[in-house]
Amino acid sequence: MAAPEPFRIHVSDDDLTDLRQRLQRARVPDQVGAGQSDPNGAWAYGTDKAALQDYVSHWLTKFDWRQQEAKLNAVPQFTLQVNGLKTHFIHQRSKDTAAIPLLLVHGWPGSFVEFMKLLPLLKKFHVVAPSIPGYGFSEAPKEPGASVVFMAEQLAELMRLLGYTHYVAQGGDWGSIITTQVAGRYPERCVALHLNMCAAIPSTISDFVQVALTMPSWSKEEWDAVRRTQYFMKYETGYQKIQGTKPQTLGYGLNDSPVGLLAWILEKFQSWSDSHGQRPDAPGGSGLTMDEILTNVMIYWSSQSITSSCRLYYETLGLHPSHKEPLQLQPGGLLGGKGTGVLDVPALEIDQPPSNPKT
C-alpha cells in the first residue's frame, strides 16, 4: 500500500500574473435595484455590484496570496491514491494518546479552508479533513455517476487506508450528506456522527403518515422553521437547478472569469451566513473576512475545480432526464440503531474561544 505523500500548495507566478490581468480586464455589467434585499436579507438581484467591485479591488491591491498560501501550508497536508483518484487531505495528528480520529468534511462552495480556524481547537482529535473528489486539490472523477454515495465510499476508503478502524465524523452541506452515507454504510467504523446541516426527510408512506399525525401539535417555532425551509426551497435554490442540470455550461464561464467565480461564490456566503442583510465581511456579521473568502475562492480558481465541484449536484439530485433510478441513500436520521438528537438554533451568539484552549 502506498504511503501518503506530503503536499504543499504553490500557485505559480505565471498563474498569479494571469489572474491579475483577468481581474484588471473584467467587464462588470450594469445593475438595477442596488441596495435592495429579499425578506431573508439576501441581495435581491444577486451579488451586489458595489460589493463585488470592492472585493475585486481588494483582490488586486491588498490580498496577499503568498501569505495565505503560507498559512495553509502550515498545516500538514497530503495526497493519497484512493480507488485510483489522487485525494488531497489535511492530516493533523494529536499528541494525545487517547485521541479520537475525526473525519471532517466540507461542502459547496466551501473547501478545507473553512476549517483553518477550527483546527487549533481540535487537539484531542486526529483530524482528517479531505478535499471532496473534484474539489480543490483532489482529483475529479473521470466517469459519470460520482454522486454522494461515490464520495462516501471514497472517504471511507481513505480512512481505512490511513489505518483508522474506528472514527467519528462531522459534515456540513454536502459534507453532512456524505458523512451520513459513510456512517450508514459503515456503522462498525464510523461510530458517531455530528452534522451542522440536518436533512430529515420522510422516506416511506408510513413516515409521512406519522409526520402528518403530529402536525396539529407542532409549536409556533416548528411552523416557523417549516416556513423558512419553504422560503429557501422556493427562492434560494436556483443554483441547484443550474448545477443539477447543466454544470458544464456554467463551468465554462466560472472557470474562465475570476470575477464571475467570485460573484457566484460571494452571493452564497452573503445569503447563507449571519450577515443580517449586509456583506458577509461586515462588522458584527458572519465573522468572515475578505481575505478568508478570497482564499476560498482561490482554491477553486487555482485548481480549476469549480466545474467538477458543481457536477456533484448533477450526479446526486437527479434533476436531469438521464437520471433513471433514485440513489440508494442511507436514511439521514439513522446511525446503526444509535440514538439521534437535533438542536435547532436559528441564531447563536458564541464568544470567541481562547487562542490556547486547555481542553
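Can you tell which of M290, M159, M215 shows the greatest fluctuation in a Gaussian network model of the chain with Cα springs below 10 Å?
M215
Could you list, in their original order, any pairs among K241/K268; K142/K234; K220/K268; K49/K268 whose Cα atoms are separated by more than 23 Å?
Values: K241/K268 15 Å; K142/K234 33 Å; K220/K268 28 Å; K49/K268 15 Å.
Cα-Cα > 23 Å for K142/K234; K220/K268; rest within.
Give the relative contact order (percent, whole number) for the chain; include only Cα pairs under 8 Å separated by 6+ residues. Show your work: numbers first, answer last.
Numbers: 478 pairs, mean separation 70.7, N = 359.
This gives 20 percent for the chain.
Tell me the relative contact order for the stretch 179-311 as a rounded percent, counting alpha carbon contacts under 8 Å between residues six or more apart. Show your work: numbers first, answer last.
Working: 74 pairs, mean separation 24.8, N = 133.
Result for the stretch 179-311 is 19 percent.
Classify the stretch 128-275 as rounded, prolate or oblate, taking a ≥ b ≥ c as the square roots of the eigenvalues of its Cα gyration tensor: rounded when a/c is under 1.5, otherwise prolate if a/b is larger than b/c and oblate if not.
Working: a/c = 1.97, a/b = 1.11, b/c = 1.77.
Since a/c reaches 1.5 but b/c is at least a/b, the shape of the stretch 128-275 is classed as oblate.
Could you tell me the accessible area of H166 in Å² (1.4 Å probe, neighbours in place), rounded to the nearest ten?
Result for H166: roughly 110 Å² accessible.
As a test of reading the structure, rank V82, V32 by solvent-accessible area (1.4 Å probe, protein chains only), most first.
Working: V82 0, V32 90 Å².
So, going from the largest accessible area down, we get V32, V82.
Would you mind telling me the share, in percent, of accessible area of the stretch 80-218 contributed by carbon and sulfur at probe 1.4 angstrom?
On the way: 3820 of 6140 Å².
Exposed carbon and sulfur together represent 62 percent of the surface.
Let me check something: with ligands and nucleic acids excluded, how do E153, E143 order by accessible area (1.4 Å probe), largest to smallest? Can you show the working numbers first?
Details: E153 60, E143 135 Å².
Heavy-atom accessible area, descending, gives E143, E153.
Once the whole set of protein chains is in place, how much accessible area is left on W272, using a 1.4 Å probe, in Å² to the nearest 10?
90
Provide the percentage of antiparallel DSSP beta bridges, counting only those with both residues in the stretch 31-143; round to the nearest 5.
Details: 11 of 15 bridges.
So the antiparallel bridges amount to about 75 percent of the total.
Just need the Rg to Rh number for the stretch 16-102, please, alpha carbons only, Kirkwood Rh. Display every interim value, and only then the final one.
Details: Rg = 20.6 Å, Rh = 17.7 Å.
Ratio value, two decimals: 1.17.
Could you identify which residue out of T307, T87, T229 has the top mean-square fluctuation in a GNM of the chain using Cα springs shorter than 10 Å?
T229
So in the chain, what percent of DSSP beta bridges are antiparallel if you round to the nearest 5?
Values: 14 of 27 bridges.
That works out to approximately 50 percent antiparallel.
With +1 on each Lys and Arg Cβ and -1 on each Asp and Glu Cβ, how big is the dipole of the chain about its Cα centre, in debye rounded to the nearest 20? Don't skip to the answer; put the middle values down first.
Details: 31 positive and 35 negative charges, 94 e Å.
Charge dipole, the chain, about its Cα centre: 460 debye, nearest 20.
Which of rounded, prolate, oblate describes the chain, given a ≥ b ≥ c as roots of the alpha-carbon gyration tensor eigenvalues and a/c under 1.5 marking rounded, otherwise prolate only if a/b is larger than b/c? Before the final figure, lay out the partial values.
Working: a/c = 1.40, a/b = 1.10, b/c = 1.27.
Rounded.
Using only helices, what value at 222 nm comes out for the chain when you add -39,500 (n - 2.57) per DSSP H run of length 4 or more and divide by the total residues, to the nearest 500 deg cm²/dmol?
On the way: 12 runs with 145 residues, N = 359.
Result for the chain, helices only: -12500 deg cm²/dmol.
How would you classify the stretch 31-150 from its alpha-carbon gyration tensor, with a ≥ b ≥ c the square roots of the eigenvalues: rounded for a/c under 1.5, else prolate if a/b is greater than b/c, otherwise oblate?
Numbers: a/c = 2.05, a/b = 1.62, b/c = 1.27.
Prolate.
Just need the relative contact order of the stretch 58-173 here, percent rounded to a whole number, with Cα pairs under 8 Å and 6+ apart.
Details: 158 pairs, mean separation 35.7, N = 116.
Relative contact order for the stretch 58-173 comes out at 31 percent.
Heavy-atom accessible area per residue, the stretch 1-88, 1.4 Å probe: how many Å²? Display every interim value, and only then the final one.
Working: 5440 Å² over 88 residues.
Ligands and nucleic acids excluded, the result is 62 Å² per residue.
Considering only G134, G244, G253, give the residue with the highest GNM mean-square fluctuation for the chain, with springs between Cα atoms whenever their separation is below 10 Å.
In this elastic network of the chain, the residue with the biggest mean-square fluctuation among G134, G244, G253 is G253.
Put I205, I177, I242 in order of accessible area, largest first, 1.4 Å probe: what do you get? List each step's numbers first, then the result.
Numbers: I205 140, I177 45, I242 75 Å².
Sorted by accessible area, descending: I205, I242, I177.
The values are calculated or read from the model by the stated rules, or taken from the named source; none is laboratory data. This one's a predicted model, so the numbers in the text were calculated from it and none came from an experiment. Note that each Cβ is placed from the backbone with ideal geometry, even for glycine, and that neighbours are counted across all protein chains shown. Each accessible area value is taken on the protein alone, full model and side chains, heavy atoms only, with ligands, DNA and RNA left out. Shrake-Rupley method; radii C 1.70, N 1.55, O 1.52, S 1.80 Å.
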